[in-house]
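Below is one structure, written out as structure tokens; the observations come after it.
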Amino acid sequence: MSTLLYKIGKTAYRKPGYFILAWVLILGIVISMISINGIHISSEMKIEGTESQKVLDQLAKELPAASGGQGSVVFKAPDNERLDTPERIAAMMKGVSEVYGLDKVINPADYAAEASASGATAEMAQAQNAQAANMAQSQATSPPPYGPLMVEGVPVPGVLISSDGKIALFQFQFTIEQSAITQDVFDSVIDSVMTVEQGTNITVLPGETLKSVSIGVGSAEIVGLVIAVIVLLITLGSVVAAGLPLITALLGVAIGVGGAFSISKFIEMPSVTSVLALMVGLAVGIDYALFIVNRQRRMIIDQRLSAQEATARAIGTSGSAVFFAGLTVIIALCGMLVIGLTFLSTMALVAAATVLINVFIALTLLPALLGLVGERICSTKTREKSTKNPKATNHGIADKWVKLVIKHRWATIIVIIVVLGFAATPITKMDMGIPGASSANLDTAARQSYDAISEGFGEGFNGPLILVAEPQDSSAKVTPELLGGLVMELQGQNNVAQVTPLGMTEDLAIFSLIPETGPNDKVTKTLVNDLRSADSSIAQTYDVKLGVTGLTAVNIDMSAKLAQVFPIYVGIIILLSLIILLLVFRSIIVPIKATIGFLLSILATFGITTAVFQWGWLHSLFGFDTGGPLLSFMPIIVTGILYGLAMDYQVFLVSSMRESYVHGHRGTESVVHGYNQVSRVVVAAAVIMVSVFAGFIFTDDVMIKQIGFTLAVGILIDAFVIRMGLVPAIMAIFGDKAWSLPKWLDRILPNLDVEGEKLIATLSAEEQADSKSQSK
């Protein structure tokens, strides 16, 4: 491997034009495809095989209108005033009528006409009469705090008003699924309802479902890049050298993310996919190039090599470590494919492809750019300084630190385990879900709409459920009597605020059910599970099967499904990565130690994330107002990425220790020498990666915010606590035994020569042969 990469590095250095032209052509192809196909992103995250998705698929097939997306708008009067004045009612009626007049919105009048033509009007009327009778009975004892908005004695379809007249809720349905709704449709709806504000002092608050899908990247991420540039300048000591990792990383991200956008017309592309690839691509792209450039410069300064030879050797040695580090990240990401969820597979493949592209760029384009720079990669001043004091090193702090850790190795291990164990304790209270309007910032329209709905109608109106009832006996039919009985029975269930029949056929009936509790409440989850149960009183009494869907049910199912597959996923990536690390380090102890260290860091990371985003600790510092559930698919994504990146640092740090061992250093001396060689660049790489991820914490999208925070904290703990503290302590305990293998295993394992031992031996032999021939 190292010999092959050495040859690639030397060729790229000598003939940079070919390699640079090739990557420019690839970028041009990606840009051309985007211009032809456009960019198509979606908020849809299907969980195939779940109960809620099965019901949605059934509705899309049998009653397409019932599977359409839902929208809501809140109208709010000024303090101490009411909405039900003639002028304000007229303004609201105008806005509502305009919305119902849009092409992609179901108009209740048209729907009623279609139902009348199909003969379903009388049946629905009976069901609605049963509902009205049941509601009248319940209102006599406990009147609800809301009712329909009445105009000349006739209720306005889809509009409820609170009993105090301060808040009105307009709910409507689209003719197409939520994921298929385009930006222009959302804009048309919002433009129509915003006219209500003109001259009325009414505040219009569009609901969360009317929020357009965005990529979720803002100016805050630039801060992370600025910090990365500063760290590169400090580490490499040259503007030219610092600029190369940034150029290659940006190109890798442009091709990786741009390539995903270029095919988004043909595959479903969740909006978070591109942001995830951007995060990972920038971080690994900068780090991989940094390791190679730093190695090249050290060879020029310490070994007096020419820039060409130093580049080739850096690609052959550090390039091997980069290749296997990138492979570990890719395997960790591709492990998500076994979960079988389409949206997660898309995220994983796009991120993995971006990492792969960055690896190839680091091994081919970077040496070509170094060929253009030539000997200018190291300034004359740097070379002269090294010549005057060849024994000078910059390892003072690192050397003192690693020797302190080794001296107190057992104390270091115990302290790290205790501290990280304490940090992990909040994980026992971790709640998973989909962060929504309930945890949005207080100054956002989505949060204000959520709070207004909760105040005027009850929190459950923020998360209506869609129920589908079908007879257990395939020969039985849905009758008006069955429909009415189900309405009354459902209305009598615990935690049910309102039940409304939406439609029926001979084979099924559809209801809207409003819980009393909010979408993320555990009581709502219990209600969903109870309604689905085949042993429920409703299922037994009416011999029906109840299916439950809607955004709330989808989120509940998503969290349950991901929690179920998470242990399987972790087991797969750990097994595959252990095999890779076994091949790379030819050691049993090193892979096991690396995995244990990662488990400590990931548990502590999730514990801290729970305390911050669920409990709300330090919320003002990180730019959010209210704690809420953690993103349900965040643990899987973060675990995969962090495991891959943690193994990056493991490979870079421990391969340096093994290289020291291979080149004659023994015992703790190999640990100290290897640590001193790479600790500075590992720290710099970690700071860069944390800065890049931390830049995403201050975006407005709470999902991106949580992922960025978790990745930043995870890298911080893994790089500075595990790799800089726990690793040298454990390596010092085992000493040379860390590199031992059973003889039978040593014989069957291939020697990948990651440290470049064979390459260096070959080059040394060639140099000796050249010296002898010249002396003759």
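Normalised Debye scattering of segment 621-672 at q = 0.19, 0.30 Å⁻¹ gives log10 I(q)/I(0) of -0.74, -1.01, counting only Cα atoms as equal scatterers and leaving out solvent. Overall, segment 281-439 carries a charge dipole of about 880 debye about its Cα centre when +1 sits on the Cβ of Lys and Arg and -1 on the Cβ of Asp and Glu, all other atoms neutral.
The value given for segment 164-213 is a Kirkwood hydrodynamic radius of 12.3 Å, derived from the mean inverse Cα-Cα separation. Rounded to whole Å, the principal axis extents of the Cα atoms in segment 416-517 read 65, 35, 21, largest first.
Model label sites at residue 669 and residue 337, defined 7 Å from Cα along the beta-carbon direction, differ in position by 4.7 nm.
For segment 276-358, the extents of the C-alpha atoms along the principal axes are 53, 19, 14 Å, listed from largest to smallest. Between residue 21 and residue 536, the simple spin-label model (points 7 angstrom out along Cα→Cβ) gives 6.8 nm.
Evaluate the Debye formula for segment 152-303 with equal point scatterers sitting on the alpha carbons, no solvent, and hand back log10 of I(q)/I(0) at q = 0.21 Å⁻¹, in q order, two decimals. With one equal scatterer per Cα and no solvent, log10 I(q)/I(0) is -1.30. The alpha-carbon atoms of segment 215-349, seen along their principal axes, cover 53, 33, 21 angstrom, with the largest extent given first. Does segment 291-429 classify as rounded, prolate or oblate by the C-alpha gyration tensor (a ≥ b ≥ c root eigenvalues; a/c under 1.5 gives rounded; else a/b over b/c gives prolate, otherwise oblate)? Oblate.
The packing ranking, built from the mean of other Cβ atoms within 10 Å per residue, places the peptides 372-380, 335-343 in the order 335-343, 372-380, highest first.
Taking one quarter of the surface of the convex hull spanned by the alpha-carbon atoms of segment 485-565 gives a direction-averaged projected area of 5.7 nm².
Report relative contact order for segment 202-325 in percent, whole number only (criteria: Cα-Cα under 8 Å, sequence separation at least 6). Relative contact order, segment 202-325: 24 percent. In the context of the full protein assembly, residue 400 retains an accessible surface of approximately 150 Å², using a probe radius of 1.4 Å and ignoring ligands and nucleic acids. Counting only heavy atoms of the protein chains and using a 1.4 Å probe, residue 522 has close to 140 Å² of accessible surface. Computed over Cα pairs, the Kirkwood radius of segment 658-723 leads via Stokes-Einstein (0.890 mPa s, 25 °C) to a diffusion coefficient of 182 µm² per second. The Rg/Rh ratio of the chain, with Rg taken over Cα atoms and Rh as the Kirkwood radius over Cα pairs, comes to 1.07.
Among DSSP beta bridges whose residues both lie in the chain, state the antiparallel percentage, nearest 5. Taking every DSSP beta bridge with both residues in the chain, the antiparallel ones total about 95 percent.
Computed on the chain, with alpha-carbon pairs under 8 angstrom and 6+ residues apart, the relative contact order is 20 percent. If R0 is 35 Å, the Cβ-Cβ spacing of residue 226 and residue 430 corresponds to a FRET efficiency of close to 0.55. Placing a label point 7 Å from the Cα of residue 97 along the Cα-to-Cβ line, the residues of segment 183-198 whose backbone N sits under 20 Å from it are 188-198.
Expressed as a whole percent, the accessible area of the chain that falls on carbon and sulfur atoms is 61 (1.4 Å probe). Heavy-atom accessible surface of the chain, averaged per residue, reaches 42 Å², computed with a 1.4 Å probe.
The values are calculated or read from the model by the stated rules, or taken from the named source; none is laboratory data. Computed from a prediction, not measured in an experiment: that's the story for all the values here. Positions of Cβ are backbone-derived with ideal geometry, glycine not excepted, and every protein chain shown enters the neighbour counts. Protein only, heavy atoms only, side chains kept; ligands, DNA and RNA dropped before computing areas. Shrake-Rupley method; radii C 1.70, N 1.55, O 1.52, S 1.80 Å.
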